[in-house]
Amino acid sequence: MSASRRSGTTDERGPEEEPGRGRPQRSDGPEESGGSDLLAALLDGMDAALCAFDAGGVVTHWNREAERILGWSAAEAVGRRGFAGWAVRSADAEEVQARLMAAMHATGRQVHEFALVTKDGGRVLVRTQSAAVRGPDGEPAGLYCAFSEVHAQIDLERSIALSEALFEDAAWGVVLVDADLRPAVVNAYAARALGSGRTSALGRPLGELLAQGVEELESALTHVLAEGAPPAPAEMWVTVRTPEGEQRRCWRSGFLRLASPLAEEPVPLGVGWLFQDVTEAKQGEQEASLLRFRTNQLHRAARAAAECEDPLEAAVVHLDFALAGFADHAVLDRLADPPRAEGDDTAPVRLVRLAATPAGAPGPSALTGAAGLPLRYGTGHPALQCVERTGTVRATADSLPAERAREWAPARQWPPDAVHALCAVLRSRGRTLGVVTFLRGPGRSRFERADAAYAEDVAVRIAASLDLAGAVRERPVEKPGEKAGEKAGGKPGE
């Protein structure tokens, strides 16, 4: 029956039909031969296995990927009717054939999973997508079937699902950086860490997102593009520009070089940058390490001071041990007048320099208070405030104009390179004995609360030594052979 009769039309054509209409004409001319070669090349170059059937279920096409998966060559496959007797088990042949051929009369693609038989007798589970191929008259002329191994498809789906999860729900930052070192994809965690939106960060140089640390990060990304991923995560301190201001953060980062899987040679697509904010953990580790060091210094100072015969020398020992890793300079001032009880503010505060670190270089502190001349501290000097308040006072010059900052330390009779000061009061037996002042240069940070607590611990030990020195000076000197309560030439008890 002709195509026109099958479609219900009455259009009859003579022996010479219009070219391109009706039944396809076979030709061995150069044009059709070139078209067949092109079709064969396209089919063989596909990444998916592909076979085609005519309306009777006979295999008409079989590409190289199908040959790779099942082992049957195109010469062995083309011309066979269905998969029965060679590519499926006999028990499954009827069901597989029915489900495949059903695609010719269905709308759209049909997806199935079959267990096919390889040429060497093995079995492989494949996922197929089948769809009808229509002839010129619109009727089904056959079908094509694209298939792939199920585990490969599952791997692909897992990779896609992993990518989606990383960019949506990951508890760490994920950024895809292109070859120009600009963010191409940013997940929600990374956007929050960078202080921007997921779209506003795309395509921007990293220098616009980070105030500090961008050179180190770009160097790492460049290395990964050239050499590949590093063997272990790296911890980087950066300063992020956020709407609330600049924030110092520590990111533990891992890097992966991305290359196209479709190219014969690896073509770099960029770098996958995964990071997690570990600022709080790193700060906790640093604080714990600093606390262990300072506790050890206090212990060592106490052991060394215990071997000093002179209590003033013991006070200087405590001062020297406290300087390590804590400050650049230190000065020890004692009251020129008798110790002050708390609340005693009738007399002005006068201080005498008792010890100081050598000017120009760190080293052991030296006793300098032999002359006993009061220091010319002006009104509002931090050391005077410390005595008056009976508490710790912090001062800094880093926010002053450059000219005033240069005059700040010399005006207070401190080393000229001092920028930050911390004054701790010396208290013992309920009395104020003096002030110890720690000084830092411009290359160090200002004193914080934790530093004040450590300075107060050191001040307690120095104050105890100064109090002991005063008690020793006030005690009458005993003559050799005399005991307490005995008079020279007398008897015990008289």
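The values are calculated or read from the model by the stated rules, or taken from the named source; none is laboratory data. Because the structure is predicted, anything quoted here is derived from the model rather than measured. Glycine also receives a Cβ, built like all others from the backbone with ideal geometry; neighbour counts cover every protein chain displayed.
Side notes on the structure shown:
- Residue satisfying all of: in region 143-165; out of contact with any helix residue (DSSP H, G or I) (no Cβ under 8 Å at 6 or more places or on another chain) and touching a residue at least 60 places away in the same chain (Cβ under 8 Å); farthest from A66 (Cα to Cα) among these: Y144
- Taken as a whole, the structure places R81 among residues that are touching a strand residue (DSSP E or B) at 6+ places or on another chain (Cβ under 8 Å) and either of a type in the set (D, E, K, R) or surrounded by fewer than 18 Cβ atoms within 10 Å (Cβ to Cβ) (or both).
- Test result for A98, farther than 13 Å from Y144 by Cα, at pLDDT below 90 and not hydroxyl-bearing (S, T, Y): yes
- Number of the exception - P140 against (1) touching a Gly at 6+ places or on another chain (Cβ under 9 Å); (2) of a type outside the set (F, W, Y); (3) in contact (Cβ under 8 Å) with a residue 60 or more places away in the chain: (1)
- The number of residues in region 100-128 that are surrounded by 16 or more Cβ atoms within 10 Å (Cβ to Cβ) and not hydroxyl-bearing (S, T, Y) comes to 12.
- Residue in region 246-256 that is out of contact with any helix residue (DSSP H, G or I) (no Cβ under 8 Å at 6 or more places or on another chain), of a type outside the set (D, E, K, R) and not in a strand (DSSP E or B) present: no
- Of the candidates L258, L217, L176, L225, the single residue that is at pLDDT 90 or above, out of contact with any Ser or Thr (no Cβ under 9 Å at 6 or more places or on another chain), closer than 19 Å to P268 by Cα and not basic (K, R) is L176.
- Single residue of region 213-252 satisfying the filter (polar (S, T, N, Q) and closer than 16 Å to D277 by Cα) that is surrounded by the most Cβ atoms within 10 Å (Cβ to Cβ): T242
Listed here are the residues, each with its yes/no results for (1) part of a loop (DSSP other than H, G, I, E, B); (2) at pLDDT 90 or above; (3) surrounded by 11 or more Cβ atoms within 10 Å (Cβ to Cβ); (4) out of contact with any Cys (no Cβ under 8 Å at 6 or more places or on another chain).
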site: R446; (1), (2), (3), (4): yes, yes, yes, yes
site: A452; (1), (2), (3), (4): no, yes, yes, yes
site: V458; (1), (2), (3), (4): no, yes, yes, yes
site: L466; (1), (2), (3), (4): no, yes, yes, yes
site: V472; (1), (2), (3), (4): no, no, yes, yes
site: P476; (1), (2), (3), (4): yes, no, no, yes
site: P492; (1), (2), (3), (4): yes, no, no, yes
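So that you can scan it fast, the table gives a plain yes or no per residue for (1) in the same structural domain as L116 (by TED's automatic domain parsing); (2) farther than 30 Å from H61 by Cα:
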position: A146; (1), (2): yes, no
position: L162; (1), (2): yes, yes
position: V175; (1), (2): no, yes
position: G195; (1), (2): no, yes
position: P205; (1), (2): no, yes
position: G213; (1), (2): no, yes
position: T242; (1), (2): no, yes
position: Q247; (1), (2): no, yes
position: S253; (1), (2): no, yes
